[in-house]
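See structure below.
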Amino acid sequence: MKNVCLSLADIAGKAYIQAVCRASADLGLGSFEELLAIAEEKVEFFPPAFEEKIHALLAKCGTQISQGLKSSSSGAATAAFAAAFHREHAPLSGLGPFRLGEDGKLSLIGKSEHYQASLGHNFPGFKLLINAQRIGILNATHNNTRGHLTRMLEKELVRIANGIAPGDEAALARVLSSTEPHVLNRVINLETGSLACEAAIKMMLARFYKLQPTLPSPVYEGKTPVFLIMQDFKGGKEANYHGTCITAQTMRGMWQEFALGMEEKGLLKTVAVKINDLDDFKKAVQEFDSGNCKIAGFIHELVLMNYGAIALTEEYVTVTDKICHEHDIPVFVDEIQSCMWSDKLLMFKEYNSTPDFVSIGKGFPAGCYPASKMLTTSAMDNLNLFGALVTNGQEELASLANLITIRFVEENKEHIAAISTQWQQGLAEIAAKHADKIVKTEGRGLLTSFVFSDTDKAVKFGKALGDRYRIDAGVQTYKADCPPAVLNKLPLISSDKVISFVLDAMDELLKEA
């Protein structure tokens, strides 16, 4: 892991930083010289001593190393949240891939705190966020006052999405001005992944319905919009997950009476296509992209982390992209889960995909802020401000967290590729050794699962992993005909020693089972 060392001025630019320091000095927040010294302080993102602490803690994983908190707030949760709550895991502190919970026991965040803490906890590079606050950089902005850092981030995301090298301003300018199809050069700043997905769905629906009465007639006005999503192995819609807004929930089989009512009125229809089945996809296009129907969009994840971590094949993505482009069907790659967990930062680049929408989740700001994005094209830029409105979707410190993470991860692409390979090879070896229990591995890179031969084995393994080693794992046994899977998604800062520790723990438990 390379130890990046940067200042606020290095990331945000000297002209901006000097302007901030002058403004804050004029407001009496300190002298210009004092504030500029803070802004120019070089911060080590991943000093050797930090990794040494992580390695020293491995031997203590699963044990009580702190007094903990004996009495804490009971809260006021709804019944469902209260039933799911585990007080012992509620965080008191953390370091790298470790969380120290209220019971004082050390846990390894094997799911990256439900798939968002890409750089673990207390990442040293985020001292720059503290420095930003100290010199007076504000967080809260509004849609019509997007700050310098947010605008910088928008351009960085376009650069990454289009595979442009850092510093190639000429290539970036060409992409930003492009009106060619499938060129991602527009960014909508949002709070959560659900809202990012909602924005894409609304943009696709805007080709069928007017957002407001004064707008021009949509190109597919009068046709029934049909969304294609991933099918579960029972023939239903539980394999896909694209947020908790109501339209996205209907796409995964919820609110059935409401969804059926819309379908009967010809307002909206969702059709599930079989995972990695090109013939089924072609059949769906032939049936629903004709007559009174028009396919409004094809929405998918590259790794179905809510359905056993099944990965789409490269052939499937390539061919479905081509079919969709031929039929004017927008492709929406939902990367809320997979973004940042790739040596290319966006996993769709690994597939050489050419989507019309890409959602980016909290892996980019490493879970520090609820900051998600929707990338889209000039052609799909069809909503006015109020159609995509999110009041607080462009906070400056959240954007800075993104910029910090991007700089660090781009410098450590080789490390991410190496640990991904180590993890995949290790899982394959364990699965082969314990073929009586494990049917196969699923996933891509660090987004993975063990698929067990039966549900009981999966549940027992996940419980034992948590009880003995305090390694978080997701046990997925509740979706329709989903293979019994135990999921992991380790932080990007995991070293070969951390990877080996988790693999050895898994192997040991399987030997005893």
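Points to keep in mind about this one:
- Out of 304, 278, one residue alone is open to solvent by less than 60 Å² (accessible area, probe 1.4 Å) and under 24 Å from the mean Cα position of the chain (by Cα). It is 304.
- Condition met for residue 59 (closer than 30 Å to residue 497 by Cα, among the aliphatic types (A, V, I, L, M) and open to solvent by 30 Å² or more (accessible area, probe 1.4 Å)): yes
- Subset of region 331-340 (residues that are part of a loop (DSSP other than H, G, I, E, B) and open to solvent by less than 10 Å² (accessible area, probe 1.4 Å)): 338, 339, 340
- Subset tally (residues that are more than 16 Å from residue 100 (Cα to Cα) and open to solvent by 60 Å² or more (accessible area, probe 1.4 Å)) for region 62-80: 7
- Between 377, 318, the distinction of being touching an Asp or Glu at 6+ places or on another chain (Cβ under 6 Å) and either farther than 30 Å from residue 452 by Cα or not acidic (Asp, Glu) (or both) belongs to 377 only.
- Verdict on residue 83 being on the phi < 0 side of the Ramachandran plot, out of contact with any His (no Cβ under 9 Å at 6 or more places or on another chain) and open to solvent by 30 Å² or more (accessible area, probe 1.4 Å): yes
Quick grid of which residues meet (1) under 24 Å from the mean Cα position of the chain (by Cα); (2) at positive phi; (3) of a type in the set (A, V, I, L, M, F, W, C):
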{"residue": "445", "(1), (2), (3)": "yes, yes, no"}
{"residue": "456", "(1), (2), (3)": "no, no, no"}
{"residue": "496", "(1), (2), (3)": "yes, no, no"}
{"residue": "509", "(1), (2), (3)": "no, no, yes"}
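- Region 313-330: number of residues that are touching a residue at least 40 places away in the same chain (Cβ under 8 Å) and either part of a helix (DSSP H, G or I) or among the hydrophobic types (A, V, I, L, M, F, W, C) (or both): 6
- Residue check for residue 350: more than 13 Å from the chain's Cα centre (by Cα), under 18 Å from residue 152 (Cα atoms) and open to solvent by less than 50 Å² (accessible area, probe 1.4 Å): no
- The single residue among 107, 31, 93 that is exposed (fewer than 13 other Cβ atoms within 10 Å of the Cβ), at pLDDT 95 or above and under 25 Å from residue 341 (Cα atoms) turns out to be 93.
- Total residues in region 191-248, condition in contact with a Gly (Cβ under 9 Å, 6 or more places away or on another chain), open to solvent by 50 Å² or more (accessible area, probe 1.4 Å) and in a helix (DSSP H, G or I): 2
- Residue in region 284-297 that is assigned to a strand (DSSP E or B) and either under 18 Å from residue 199 (Cβ atoms) or free of Cβ contacts under 8 Å to residues at least 60 places away in the same chain (or both) present: yes
- Filtering 198, 191 for residues that are closer than 15 Å to residue 388 by Cβ, among the charged types (D, E, K, R) and touching a Pro at 6+ places or on another chain (Cβ under 8 Å) leaves a single hit, 191.
The values are calculated or read from the model by the stated rules, or taken from the named source; none is laboratory data. The structure presented is a predicted model; accordingly, all values stated were derived computationally and were not measured. Note that each Cβ is placed from the backbone with ideal geometry, even for glycine, and that neighbours are counted across all protein chains shown. Note: accessible area is taken over every heavy atom of the protein model, side chains too, but ligands, DNA and RNA are not part of it. Shrake-Rupley method; radii C 1.70, N 1.55, O 1.52, S 1.80 Å.
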